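The values are calculated or read from the model by the stated rules, or taken from the named source; none is laboratory data. Quick caveat: nothing in here was measured; it's all calculated off a predicted structure. Here the Cβ is made from the backbone with ideal geometry for all residues, glycine too, and neighbour counts use every protein chain on show. Please note that ligands, DNA and RNA were not included when accessible areas were found on the heavy atoms of the full protein model with its side chains. Shrake-Rupley method; radii C 1.70, N 1.55, O 1.52, S 1.80 Å.
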Amino acid sequence: MLRLNEYKVMWILVFFDLPTETPKQRKVAAEFRKRIMADGFTMFQLSVYTRHCASVENAMVHRRRVRNLIPKQGKVCMLTITDKQFSEIELFISAKAEKPQTGPIQLELF
């Protein structure tokens, strides 16, 4: 099977710290999480979500979408890295080394 170029395939990481002191703030934070998940992001750890993108151009589309969803209060950071860089993550769960998630095998058309 032909592997997509690990230097052109991208990962977007979204880190956020949103206020949750009031019911309205909790609702806004929950809505932000739901909307980025609807755009294909998955939870990597609490308040860190990732999305696999087939290209730099595709990553730019999803970064723009996240930018449009950012609430008025709180902090949101986005980092885009190559598949090769993402594969170098060292992941430990309860002090046990785990393999990081891999991107989809199929090519995204949208």
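List, please: which pairs have Cβ atoms under 8 Å, are six or more places apart or on different chains, and start with a residue in the range 10-32 that is closer than 22 Å to H52 by Cα and end with one that is open to solvent by 40 Å² or more (accessible area, probe 1.4 Å) and among the β-branched types (V, I, T)?
M10/V56; M10/T80; W11/T80; I12/T80; L13/T80; F32/I70
List every residue pair whose Cβ atoms sit under 9 Å apart, with the two residues 6 or more apart in sequence or on different chains, where the first one lies in the range 85-110 and is surrounded by 12 or more Cβ atoms within 10 Å (Cβ to Cβ) and the second, anywhere, is at pLDDT 75 or above and part of a helix (DSSP H, G or I).
P100/F86; Q101/F86; G103/D83; G103/F86; E108/N58
Return yes or no: is E108 in a loop (DSSP other than H, G, I, E, B), within 17 Å of K8 (Cβ to Cβ) and modelled with pLDDT of 90 or more?
Considered against the rule, which asks whether it is in a loop (DSSP other than H, G, I, E, B), within 17 Å of K8 (Cβ to Cβ) and modelled with pLDDT of 90 or more, E108 comes out as no.
Determine if the range 37-57 includes at least one residue that is touching a strand residue (DSSP E or B) at 6+ places or on another chain (Cβ under 6 Å), at pLDDT 95 or above, over 30 Å from N5 (Cβ atoms) and open to solvent by 70 Å² or more (accessible area, probe 1.4 Å).
no
If I ask for residues that are among the hydrophobic types (A, V, I, L, M, F, W, C) and either open to solvent by less than 60 Å² (accessible area, probe 1.4 Å) or within 17 Å of E21 (Cα to Cα) (or both), which ones from the range 61-80 would you list?
The answer is V61, V66, L69, V76, C77, M78.
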